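Following: one structure in structure tokens, then a few remarks.
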Amino acid sequence: MPPSPETLLDLHRRMLRIRLFEEEAGRLSEAGRIPGALHLYVGEEAVAAGVAAHLGPGDQVTSTHRGHGHLVAVGGDFRQMFAELFGRATGYCRGKGGSMHIADMDLGMLGANGIVGGGPPIAVGAAFSNKYRKTQNVTACFFGDGASNEGSFHEAANMAGLYRLPLIFVCENNGFGEFTRQDRHQAIRDIADRAAGYGFPGIVVDGMDAVAVYEAAGEAIARARRGEGPTLLECKTYRFFDHVGVRGMGVVYRSDDEVRAWRERDPITLLERRLAELGILDAAGAAAVRDAIQAEVREAVAFAEASPFPDPSALTEDVYAS
């Protein structure tokens, strides 16, 4: 069955929320108003949206250094997110985590992670807990092509396959491990091929097509909920901005023509065309959705900037769990 109109509109809204949050974060970073490194998700929205549309209460997500999109996709609050980026006490981590450590346990977002390959072992632990407690919950583990070379990924995949854990490995293959093109850091073309070595399916999907991701993720998540074990879902995607920030660090590793060609397959534009062709959402309707989200962004930035910095006395709080 093709996705319903309601599902298509949901995918569109999730992607637009990610895009507008990230574009504003990029502008603020370029203007020097946000401290620290910022790894933006612009261009990859279809992956997070397509997977998150199947997740619900009790499900978990492990993320990456490029993790804002994952939290937004599962319902992250803009005000708390911007406050965290600004280092304010009203942020998700009370201003102490910043961009690469943003989390929301209530939403099952187990945290962005500054360690490449840091998420898979955490995802295995969460998935093992789900199975041990006999829940129907699943864990979605997001990681990049570079992280698929890390031992942590392979150990996690081995354990997930062995114990048939309710887990989906979502590889966001944007073609580069930081500044290194995929064919310069691994000998295979499809990372999904690696699943065979651990006894579970590996699937390649167009990561610029939200509907394709939604359909493939739906099958993988349903399989996990049935107790049939993990799936490796490789989404071929592309980041429109640089590895760090918008303009990056001045490292030349891809051409303007390459970026321009991928931008012609903008996942939001592709879905809006589909919605228009189906008579579900016209240009005016899409603009109205965009305007509403942009207003939410503006209000969240104002909230963040008006929020206090953490008090020095709170330095040792939230370091250990009791």
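The values are calculated or read from the model by the stated rules, or taken from the named source; none is laboratory data. Worth saying up front: this structure is predicted, and the values here are computed from it rather than measured. As a convention, Cβ positions derive from the backbone with ideal geometry for all residues, glycine included, and neighbour counts pool all protein chains shown. In case anyone asks, the SASA skips ligands and DNA or RNA and just uses the protein heavy atoms, side chains included. Shrake-Rupley method; radii C 1.70, N 1.55, O 1.52, S 1.80 Å.
Structure above, values below:
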{"item": "Test result for A52, farther than 15 Å from P267 by Cβ, in contact with a helix residue (DSSP H, G or I) (Cβ under 7 Å, 6 or more places away or on another chain) and open to solvent by less than 10 Å² (accessible area, probe 1.4 Å)", "result": "no"}
{"item": "Test result for R33, open to solvent by 10 Å² or more (accessible area, probe 1.4 Å), in contact (Cβ under 8 Å) with a residue 24 or more places away in the chain and under 15 Å from I268 (Cβ atoms)", "result": "no"}
{"item": "Among the residues listed as R88, R94, the single one being among the basic types (K, R), open to solvent by 50 Å² or more (accessible area, probe 1.4 Å) and more than 23 Å from G207 (Cβ to Cβ)", "result": "R94"}
{"item": "Check on F143, closer than 30 Å to R184 by Cα and among the aromatic types (F, W, Y)", "result": "yes"}
{"item": "Some residue of segment 25-32 being closer than 21 Å to A160 by Cα and over 12 Å from the mean Cα position of the chain (by Cα)", "result": "no"}
{"item": "Single unsatisfied condition, A261 versus (1) among the small types (G, A, S); (2) open to solvent by 40 Å² or more (accessible area, probe 1.4 Å); (3) over 19 Å from E44 (Cβ atoms)", "result": "(3)"}
{"item": "Enumeration of residues in segment 69-85 that are open to solvent by less than 20 Å² (accessible area, probe 1.4 Å) and over 21 Å from D318 (Cβ atoms)", "result": "G69, H70, V72, A73, F78"}
{"item": "Looking only at segment 219-234, and only at residues there that are outside any helix (DSSP H, G or I) and open to solvent by less than 50 Å² (accessible area, probe 1.4 Å), the one that is nearest to P2 (Cα to Cα)", "result": "L233"}
{"item": "Filter pass, T139 being surrounded by fewer than 19 Cβ atoms within 10 Å (Cβ to Cβ), farther than 29 Å from L315 by Cβ and touching a residue at least 60 places away in the same chain (Cβ under 8 Å)", "result": "no"}
{"item": "Positions within segment 170-195 being open to solvent by 50 Å² or more (accessible area, probe 1.4 Å) and out of contact with any Gly (no Cβ under 8 Å at 6 or more places or on another chain), in sequence order", "result": "F179, D183, R184, A187, I188, R189"}
{"item": "Residue match in segment 76-98 (condition: in contact with a strand residue (DSSP E or B) (Cβ under 6 Å, 6 or more places away or on another chain), over 17 Å from E45 (Cβ atoms), assigned to a helix (DSSP H, G or I) and touching a residue at least 24 places away in the same chain (Cβ under 8 Å))", "result": "no"}
{"item": "Single residue of segment 102-114 satisfying the filter (out of contact with any Leu (no Cβ under 9 Å at 6 or more places or on another chain) and in a helix (DSSP H, G or I)) that is surrounded by the most Cβ atoms within 10 Å (Cβ to Cβ)", "result": "M105"}
{"item": "Search result, residues across segment 299-322 that are touching a residue at least 40 places away in the same chain (Cβ under 8 Å), surrounded by fewer than 16 Cβ atoms within 10 Å (Cβ to Cβ) and at negative phi", "result": "E299, E305, P308, F309, D311, A314, E317"}
{"item": "Single condition T269 does not satisfy, out of (1) among the polar types (S, T, N, Q); (2) touching a helix residue (DSSP H, G or I) at 6+ places or on another chain (Cβ under 7 Å); (3) modelled with pLDDT of 95 or more", "result": "(2)"}
{"item": "Verdict on G58 being touching a residue at least 24 places away in the same chain (Cβ under 8 Å), within 17 Å of G108 (Cα to Cα), small (G, A, S) and touching a helix residue (DSSP H, G or I) at 6+ places or on another chain (Cβ under 7 Å)", "result": "no"}
{"item": "Any hit, segment 8-30, residues being out of contact with any Phe, Trp or Tyr (no Cβ under 8 Å at 6 or more places or on another chain), open to solvent by 20 Å² or more (accessible area, probe 1.4 Å) and in a loop (DSSP other than H, G, I, E, B)", "result": "no"}
{"item": "Condition check for A210: open to solvent by less than 40 Å² (accessible area, probe 1.4 Å), farther than 25 Å from F179 by Cβ, small (G, A, S) and touching a Gly at 6+ places or on another chain (Cβ under 6 Å)", "result": "yes"}
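Conditions (1) open to solvent by 10 Å² or more (accessible area, probe 1.4 Å); (2) touching a residue at least 24 places away in the same chain (Cβ under 8 Å); (3) closer than 18 Å to E44 by Cβ; (4) not polar (S, T, N, Q), marked per residue:
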site	(1), (2), (3), (4)
V116	yes, yes, yes, yes
G125	yes, no, no, yes
T135	yes, yes, no, no
G151	yes, yes, no, yes
A157	no, yes, no, yes
